[in-house]
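Got a structure for you, written out below as structure tokens; questions coming shortly.
The values are calculated or read from the model by the stated rules, or taken from the named source; none is laboratory data. Just so you know, these numbers come straight off a predicted model, no measurement behind them. Cβ: placed from backbone, ideal geometry, glycine included. Neighbour counts: every protein chain shown. Calculation scope for accessible area: heavy atoms of the full protein, side chains included, ligands and nucleic acids excluded. Shrake-Rupley method; radii C 1.70, N 1.55, O 1.52, S 1.80 Å.
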Amino acid sequence: MKKLIFIIFALSTIMVCSCDRPPDLKEDEIYTILNELMEDHQIWAPIVYYKFEKMDMKDEYLKEFTNDDICFNERQERIFENMRFKSKALKYYSMFTKTTDYCEIVGDDYKEHSVVHFSVPFISADRQMILIEYSDLGLPLGSSGETTLFVKKNGHWVIKNGFVRWNS
């Protein structure tokens, strides 16, 4: 009888916890967030590396998020650990033409021009805050990168904190 009560308690706890959790991110939602971010901040990324890089999550980054956000992202990381950028899904803003265009997605063998690398984005459960690391790796010099925290205000992504910025 004790085993049955324990099983019922465990199942009802799982049901209650899973009902309260925010829905998982969908792949198209990640593209929407990244595209908005790239347009809002005119991120120049005509050529993008085909897979996400792993971001080294420092305590100073994590303190910006709630425990629910951290649990949410642990789940998302498992879901999207093998995600690859799709052709004609990610857009960048061209400073020259003042329009958006699709990024060219390239692999490990690409060596012609600089390539933008994105980390797996750390997105709050309510989808109103994002931490992302991106770098433009030039050949052989002219590289730059940053780790930036954005918040969504009035439908646009605004920088809340620029943690790291580097140039070579």
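Using a Cα distance threshold of under 20 Å, what count of lysine pairs results for the range 65-168 when pairs must be 8 or more residues apart or interchain?
Value for the range 65-168: 4.
Determine the dipole magnitude for the chain: charges of +1 sit on the beta-carbon of Lys and Arg, -1 on that of Asp and Glu, nothing else is charged, the reference point is the Cα centre, and the result goes in debye to the nearest 20.
Once rounded to the nearest 20, the dipole reads 440 debye.
List the residues whose amide H sits under 5 Å from the amide H of V48, counting only those 5 or more places along or on another chain, with H placed 1.01 Å from N in the peptide plane.
E104, I105, V106, V116
Using label points projected 7 Å from each Cα along Cα→Cβ, tell me how many nm separate S168 and D68, to one decimal.
Inter-label distance under the simple model: 4.1 nm.
Name the residues whose placed amide hydrogens come within less than 5 Å of the amide hydrogen of N161, ignoring near sequence neighbours (fewer than 5 apart) on the same chain.
Amide H neighbours of N161: L149.
Residue by residue through the range 41-51, which ³J(HN,Hα) values in whole Hz follow from phi under the Karplus form 6.51 cos²θ - 1.76 cosθ + 1.60 (θ = phi - 60°), with glycine and proline marked x?
10, 6, 6, 7, 9, x, 10, 10, 5, 5, 10
Given H placed 1.01 Å from N in the peptide plane, which residues other than close sequence neighbours of M55 have an amide H under 5 Å from its amide H?
Those lying under 5 Å, H to H, from M55 are V120.
Give a residue-ordered list of calculated ³J(HN,Hα) values for the range 82-89 (Karplus: 6.51 cos²θ - 1.76 cosθ + 1.60, θ = phi - 60°; whole Hz; x for Gly, Pro).
10, 5, 10, 5, 8, 5, 6, 10
On the protein heavy atoms, probe 1.4 angstrom, tell me the percent of accessible surface of the range 117-168 carried by carbon and sulfur.
Roughly 54 percent of what the probe reaches on the range 117-168 is carbon or sulfur.
What whole-number value in Å² describes the accessible area per residue of the range 24-168 for a 1.4 Å probe?
Roughly 57 Å² per residue, with all protein chains present.
Next up: How about the range 64-105: which chymotrypsin sites (Phe, Trp or Tyr not before Pro) there lie in a loop by DSSP and see at most 13 other Cβ atoms within 10 Å?
Here the chymotrypsin sites (Phe, Trp or Tyr not before Pro) that fit, given the DSSP loop and packing criteria, are F96.
Taking loop as defined by DSSP and a crowding limit of 15 other beta carbons within 10 Å, which trypsin sites (Lys or Arg not before Pro) in the range 90-168 fit?
Within the range 90-168, the qualifying trypsin sites (Lys or Arg not before Pro) (loop, at most 15 other Cβ atoms within 10 Å) are K98, K111, R127.
List the GluC sites (Glu not before Pro) within the range 27-123 that DSSP assigns to loop and that have no more than 15 neighbouring Cβ atoms inside 10 Å.
Passing sites in the range 27-123 are E81, E112.
Moving on to the next point. Applying the Karplus parametrisation 6.51 cos²θ - 1.76 cosθ + 1.60 with θ = phi - 60° to the phi angles of the range 117-129, what ³J(HN,Hα) value in whole Hz is obtained for each residue in order, glycine and proline being reported as x?
Whole-Hz 3J(HN,Hα) from phi for the range 117-129: 10, 10, 7, 4, x, 9, 10, 5, 4, 8, 6, 10, 9.
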